[in-house]
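The values are calculated or read from the model by the stated rules, or taken from the named source; none is laboratory data. On a predicted model such as this, the values are computed, not experimentally measured, just so you know. Virtual Cβ from ideal backbone geometry, glycine too; neighbours counted across all protein chains shown. When the accessible area is computed, the model is the full protein with side chains, heavy atoms only, and any ligands, DNA or RNA have been set aside. Shrake-Rupley method; radii C 1.70, N 1.55, O 1.52, S 1.80 Å.
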Amino acid sequence: MNPTQSMDRRTFLKNSALAGAGLALAVNRAPAALSALNPNSKIRVACIGVGTQGHRLLQAVQKVPGTEIAIICDLYTGNITRAKGLCDNKDVRIVKEWEKVVADPTIDAVIIAVPDFWHAPITVAAAKNKKDIYVEKGWCITLAEAKLMRAAVKENQVVMQLGHHMNSIPQTHKALEIYRSGVLGKVPLVRGYIDRTNAHPEWKFYTDYGIQELPKDATPENIDWQRFIANSPHPDRPFDPERFFTWRRYWDYGTGIAGDLLSHVWDAINMVRGMGIPESAVTQGGKYFWKEDREVPDMWHVLFDYPKQELAVSFNCSFHNSHVGELIQFLGRDMTMEVSSEFCRTYVGEWRPEGQERIMAGRKLAAETRKAAQTLGIPPPPTAVAPDYVYQAGELKVTSHMQNFIDCIRSRELPRCHVDRAFEEAVALIMSLESYRRETKVKWDPVKEEIV
């Protein structure tokens, strides 16, 4: 297929045969036992996109016993060279056309780690070709795409895992255990944060080490630019390696903070709380610090409301200060639980007697520490209240996200971040985006499945 013949988004949405009746498929139905694989047979995997995240996923899947990387697909020769060097299968094939990859009858599963604006066409085509799918977040960039992807996965009964790693780390599973125990009491509010800062602007990097230099071989000869932009709103845009390597900074290729970071935090909260699609969303954001290097905002604040569940979920993100970092707070009446990729910890409610005792003990210790620091002539440390419980690594064993995907290919069970969870994530992040663009509060119509 000529690159200019690749399916653009307008044609994809208009002509897909999956629209309509396919969307009425039962949302909780597990995939049927489609696989004819012997439990001990090798699962042949194709990696579509082996850039910053894709090469990590390549290494992750080949660590899972019984798998083989059969095809590497990428548009940049530098990514292909690196991926070939990391691949255990030295006979791996290189294919630049993803259409050929998903149609290959020798491939059992695909890993899709391309820019977000390509997720929908590749996922739908892979599902139609009965390939099991691991696809990176954010799932897609429009609601129409989300509906088509959901229909394709369900109609073809393929296994689909969305690449949210917090579904497969002990800290989040411990949080789920604590939440289900009921010890937090009623939880009317959950807050999520991702704050970052670097010497260089966020997303303006070209290597895994944050080096701000375009690769020396970033030329039209080594990058298939026409195939890259074929699905974008501006397929005639001249060659621009900045857009190719740092696509998250531009609206044509992704959804900025919503698809990259909000999606992570919201999905982790949804895993624990199970609240589903918001009833409404309101977003405030803009370019407040990094202004000249991007189209998308560098600050994003969202409030998702669930009045029927008596719950509010907020998300806050900035790129100029990382004091808070990555954090989710489940603010229960009886206890507070804080979760991140590094810890899960709880605090007794301050209104309870034991909570008051802890606070008073903490204040006493802080006063003593400040006094000691003053005596020594050094700055006092910041005051902090110690948690009552800190999750220790090793208390809970959880298989990796990739292992869970491969296990489900064999068992035909739903993976941890399956298609219904992916659809909920997509709607939430797109509601956030729509609120920002319309400059108003938006609501979800669950009957029509529309954002109004």
**Study point:** Check on residue 71, of a type in the set (A, V, I, L, M, F, W, C) and open to solvent by 10 Å² or more (accessible area, probe 1.4 Å)
**Key:** no
Practice item. From (1) part of a loop (DSSP other than H, G, I, E, B); (2) open to solvent by 10 Å² or more (accessible area, probe 1.4 Å); (3) not acidic (Asp, Glu), pick out the condition that doesn't hold for residue 107. Key: (2)
Exercise for review: Go through (1) open to solvent by 20 Å² or more (accessible area, probe 1.4 Å); (2) closer than 23 Å to residue 408 by Cβ one by one and return the number of the condition residue 156 breaks.
Suggested key: (1)
Exercise for review: Select, from 109, 144, the only residue that is touching a Leu at 6+ places or on another chain (Cβ under 8 Å), over 30 Å from residue 395 (Cα atoms) and of a type in the set (A, V, I, L, M).
Suggested key: 144
Check your understanding: Looking at the stretch 158-170, is at least one residue out of contact with any strand residue (DSSP E or B) (no Cβ under 6 Å at 6 or more places or on another chain) and more than 23 Å from residue 326 (Cβ to Cβ)?
Key -> no
Exercise for review: Answer yes if at least one residue in the stretch 176-198 is of a type in the set (Asp, Glu) and farther than 19 Å from residue 315 by Cα, and no otherwise.
Suggested key: yes
**Study point:** Candidate set from the stretch 243-291 (those that are of a type in the set (D, E, K, R), farther than 26 Å from residue 185 by Cα and in contact with a Lys or Arg (Cβ under 9 Å, 6 or more places away or on another chain)); member that is surrounded by the fewest Cβ atoms within 10 Å (Cβ to Cβ)
**Key:** 287
**Study point:** Conditions (1) over 29 Å from residue 327 (Cβ atoms); (2) in contact (Cβ under 8 Å) with a residue 24 or more places away in the chain; (3) assigned to a loop (DSSP other than H, G, I, E, B); (4) open to solvent by less than 50 Å² (accessible area, probe 1.4 Å); number of the one not met by residue 217
**Key:** (4)
Exercise for review: Scan (1) within 26 Å of residue 410 (Cβ to Cβ); (2) in a loop (DSSP other than H, G, I, E, B); (3) in contact (Cβ under 8 Å) with a residue 60 or more places away in the chain; (4) of a type in the set (Lys, Arg) for the single condition residue 90 breaks and write down its number.
Suggested key: (3)
Point to revise | Complete set of residues in the stretch 159-183 that are surrounded by fewer than 20 Cβ atoms within 10 Å (Cβ to Cβ) and either among the small types (Gly, Ala, Ser) or assigned to a loop (DSSP other than H, G, I, E, B) (or both) | key: 181, 182, 183
Check your understanding: How about the stretch 299-331: which of its residues are closer than 24 Å to residue 361 by Cβ and out of contact with any Ser or Thr (no Cβ under 9 Å at 6 or more places or on another chain)?
Key -> 331
Exercise for review: Of the numbered conditions (1) crowded, with 16+ Cβ neighbours inside 10 Å; (2) part of a loop (DSSP other than H, G, I, E, B), residue 130 fails exactly one; give the number of that condition.
Suggested key: (1)
Point to revise | First in the stretch 223-243 and among the aromatic types (Phe, Trp, Tyr), second anywhere and part of a loop (DSSP other than H, G, I, E, B) and surrounded by fewer than 16 Cβ atoms within 10 Å (Cβ to Cβ), Cβ under 7 Å, 6 or more apart | key: 225/239; 239/220
Review point. Looking at the stretch 326-349, is at least one residue surrounded by fewer than 15 Cβ atoms within 10 Å (Cβ to Cβ) and of a type in the set (Asp, Glu)?
Key: yes
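Looking at 300, 225, 247, 251 in this structure, which one is at pLDDT 95 or above, under 22 Å from the mean Cα position of the chain (by Cα) and over 20 Å from residue 438 (Cα atoms)? Quick ask: steps written out before the conclusion?
Details: 300 fails: over 20 Å from residue 438 (Cα atoms); 225 fails: under 22 Å from the mean Cα position of the chain (by Cα); 251 fails: over 20 Å from residue 438 (Cα atoms).
Only one candidate qualifies: 247.
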Check your understanding: Of the numbered conditions (1) part of a loop (DSSP other than H, G, I, E, B); (2) buried (at least 16 other Cβ atoms within 10 Å of the Cβ), residue 238 satisfies every one except a single condition; which is it?
Key -> (2)
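Answer yes or no: is there a residue in the stretch 204-213 that is at pLDDT below 95, open to solvent by 10 Å² or more (accessible area, probe 1.4 Å) and touching a Leu at 6+ places or on another chain (Cβ under 7 Å). Show your work before the answer.
The first filter runs over the stretch 204-213 and keeps only residues at pLDDT below 95, leaving 204-213.
Subsequent filtering for residues that are open to solvent by 10 Å² or more (accessible area, probe 1.4 Å) retains 204-213.
Next, only the ones that are touching a Leu at 6+ places or on another chain (Cβ under 7 Å) stay: 206.
Yes, the stretch 204-213 contains at least one residue that is at pLDDT below 95, open to solvent by 10 Å² or more (accessible area, probe 1.4 Å) and touching a Leu at 6+ places or on another chain (Cβ under 7 Å).
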**Study point:** Hey, residue 150 touching a helix residue (DSSP H, G or I) at 6+ places or on another chain (Cβ under 9 Å) and free of Cβ contacts under 8 Å to residues at least 12 places away in the same chain or not
**Key:** no
